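Here is the structure we will look at, set down as structure tokens.
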Amino acid sequence: MMTTEIRLCVPLTTVGLRREEDVEDLGGADVHVSVRMLERGPASIESHVDEVLAVPDLLRIGMEAQAQGVDAMIVDCMGDPGVEAARELLDIPVFGPAQVAMHIAGMLGHRFCVVTVLERLHPLIEDLARRYGVDSIMARPRSVEIPVLEIDNDPDQLVGSFIQKAAAAVRDDEVDVIVFGCTGFYGMTEKIEQGLADMGLAGVPVIDPIPVSVEVVAGLLRQGICHSKHGFQTPPQKDRPGFELGN
């Protein structure tokens, strides 16, 4: 049986935020998910500045993956930094979890809410929703006010805060689907859904973007579908001092 490899590019430099063993069971027996962190870039992504600083090394990781015969790449951040640039540069499929999760949310309900880490990220999420054409079905974002680098400090506090924010979105904003607004929330789905059920809100789907993205990408690979190279054309060759794109 041939194995498909999906490269999970973590656009951060903080070691340990995503380990390969965390995601080794995703995608099924015929899918291997490998993980690469940035060598240069931000410790976490919580601003446009962080996103921009992550992109150069993210593109290097993408070129490395393609040269190694990796089948596809997913950018492990809900800001989808560098996804469009990587689609131009690479011939292998490149996906961002925010785009995948938002469109899946639109298929599962009438209105969704993204619950993220910090309020300062709400405009970034709203910008993505407009770009992806789902802003009309996305309620205002909510946030737990816990920075990315503190997500693992108090798991019970994180889950409790998330459940409260998600419940408020369902009750006050007529939301029927919840989306994790940070891929660092990975693995919390069952606890959040149970917490909502305990509050009388059973049946609200909670989307964990990385597992969903892996499944979507694996399915598209089986069908031989890639992003459009007509829409994301290879960039022209020119001098780019300090940057080697390999084209």
(request) Calculate, in nm to one decimal, what Asp152 and Gln164 gain on full extension: separation in residues at 0.36 nm each, minus their alpha carbon distance. (result) 2.5 nm
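Subtract the Cα-Cα distance of Gln223 and Phe243 from 0.36 nm times their separation in residues, and report this length gain in nm to one decimal. It would help to have the intermediate numbers written out before the result.
Working: separation 20, 0.36 × 20 = 7.20 nm, distance 3.42 nm.
So the extension gain works out to 3.8 nm.
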(message) I want to check the label-to-label distance for Glu84 and Ser34. Put each point 7 Å from Cα in the C-beta direction and report it in nm to one decimal.
(response) 2.9
(request) Would you mind checking which residues have amide H under 5 Å from Val179's amide H? H placed 1.01 Å from N; only 5 or more apart, or other chain. (result) Cys113, Val114, Val115, Ile207
(request) For a label point 7 Å from the Cα of Arg120 along Cα→C-beta, name the residues of region 153-183 whose backbone N is under 19 Å from it. (result) 153, 181-183
(request) Could you point to the label whose value was computed as Rg and Dmax of the Cα atoms in Å for the structure here, given [x] 20.2, 62; [y] 17.8, 60; [z] 20.8, 69? (result) [y]
(request) Sort all Cα-Cα distances of region 1-63 into consecutive 5 angstrom bins from zero, then give the percent of pairs in each bin up to the one containing the longest distance. (result) 4, 19, 24, 20, 15, 11, 5, 2, 0
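From the Cα gyration tensor of region 98-208, with a ≥ b ≥ c the square roots of its eigenvalues, which class applies: rounded if a/c is under 1.5, or else prolate if a/b is larger than b/c, or else oblate?
Working: a/c = 1.71, a/b = 1.16, b/c = 1.47.
It is oblate, given that a/c is not under 1.5 and a/b is not larger than b/c.
The numbers here are math on the coordinates, done by the rules we state, and not lab data. Predicted model, so just to flag it, every value in this text is computed and none were measured. FYI the Cβ positions are ideal-geometry reconstructions off the backbone, even for glycines, and counts take in every protein chain you see.
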